[in-house]
1. Can you classify region 158-300 as rounded, prolate or oblate using the Cα gyration tensor, where a ≥ b ≥ c are the square roots of its eigenvalues, rounded means a/c under 1.5, and otherwise it's prolate if a/b beats b/c and oblate if not?
2. Tell me, what does the Kirkwood hydrodynamic radius of region 199-260 come to in angstroms if you use every pair of distinct C-alpha atoms?
3. Please arrange HIS98, HIS224 by accessible surface area, largest first, computed with a 1.4 Å probe and ligands excluded.
4. Could you name the lysines in cross-link range of LYS265, using Cα to Cα under 18 Å and dropping any fewer than eight places away on the same chain?
5. Would you mind working out the magnitude of the charge dipole of region 202-352 relative to its Cα centre, with +1 at each Lys and Arg C-beta and -1 at each Asp and Glu C-beta, to the nearest 20 Debye?
6. For region 311-352, which whole percent of the accessible surface, found with a 1.4 angstrom probe, sits on carbon and sulfur atoms?
7. How about LYS126: which aspartates and glutamates have a C-alpha closer than 18 Å to its C-alpha, ignoring those fewer than 8 places off in the same chain?
8. Leaving out ligands and nucleic acids, and using a 1.4 Å probe, what accessible area per residue does region 1-73 come to in Å²?
Amino acid sequence: MDFFEQYLNNAAPTGYEVSGQKLWMNYLKPYVDDFLTDTYGTAVGIINPGQDYRVVIEAHSDEISWYVNYITKDGLIYVIRNGGSDHQIAPSKWVNIHTPGGIVPGVFGWPAIHTRKSETKEEPPKLSNIFIDVGAKDSNEVDDMGIHVGCVITYPDTFRIINNKKVVCRAIDNRVGGFMIAQVARLLHEEKIDLPYSLYITNSVQEEVGLRGAEMITQTIKPHAAIITDVCHDTSTPMIDKKSNGDIQIGQGPVISYAPSIHHKLRDTIIKTAADNDIPFQRMASHRYTGTDTDAFAYSNGGVASALISLPLRYMHTTVEMAHLDDIEHLIRLYLISLQNLKSGDQFNYFE
């Protein structure tokens, strides 16, 4: 849990994941035989290297953020997204602006309720009107702080546990995935489990801007099978339509996906593992694509047998993302046993 808290609290926005990757690799080091990294920062721990058959378990390490886009003469800062940052939650949030000289704190300002005309329809927060105030009197003072167009901006919200079993933080999407695959590596080592293939524990970068890290690293590893973990939406909270988004709840187990990119033999192996070992799970269907790194792996290298195990999450892409510790534990266990049920060779031929 100490590593989990430290890893979640560390800022690692898309394109700037290196500090988080170093934390992750340092934790993983006792449990793997070797490491692989690439040009853009994806990190891979390798167990049993050099085998003919290669299996990937993967998560993504980056979190959503903002970029400084425009600085007014009055010293206010307008932003653009780096990933799917939610403009509606921004007003009154603290931010950290990452500059060459260090972090500069600021706030997303918003007009006081007293100044907004009640007789007209209120203007909602949107990308064109949210702004950051760093307490500067003008643009020259902003410049003196080291802030320039292109500086990345993150939220400082940190790890908490509420009601004993719910973890709340920003960037659980999907730093929790990196945590879970690291625990799989730890357990394989501690329980002295031998696998008949090379296992690549992969923490990819730049998922939030289009699965880019996975696209790059799969060409390097050239795996035969890949099991991806990411988060999915808990649909039990208000204003979510279950007819459109399915019926998923935190605390009810990991979620196994159905989609064109999901290889049904690999998925069925995971489902059988869950059923045989009394691991609770839920099901989710995705039309056309999953929107996760699963798609990047599945459609690479002439086709890679790929599956997706997701962690249910409330309030995705906010600073109070919420997951259930029981789901995390069950997902780690499902991963661990599923890997032991995989065999090297042509296990996933559609026609056999």
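1. Rounded, since a/c falls under 1.5.
2. 14.3 Å
3. Listed by decreasing accessible area, they come as HIS224, HIS98.
4. LYS343
5. Its charge dipole is roughly 300 debye.
6. 53 percent
7. Reachable aspartates and glutamates: ASP86.
8. It amounts to 45 Å² per residue over region 1-73.
The values are calculated or read from the model by the stated rules, or taken from the named source; none is laboratory data. Predicted model only: the values in this text are computed from it and were never measured. Neighbour counts run over all protein chains shown; Cβ positions are idealised from the backbone, glycine included. To get the accessible areas, we keep the full protein, side chains included, count just its heavy atoms, and leave off ligands, DNA and RNA. Shrake-Rupley method; radii C 1.70, N 1.55, O 1.52, S 1.80 Å.
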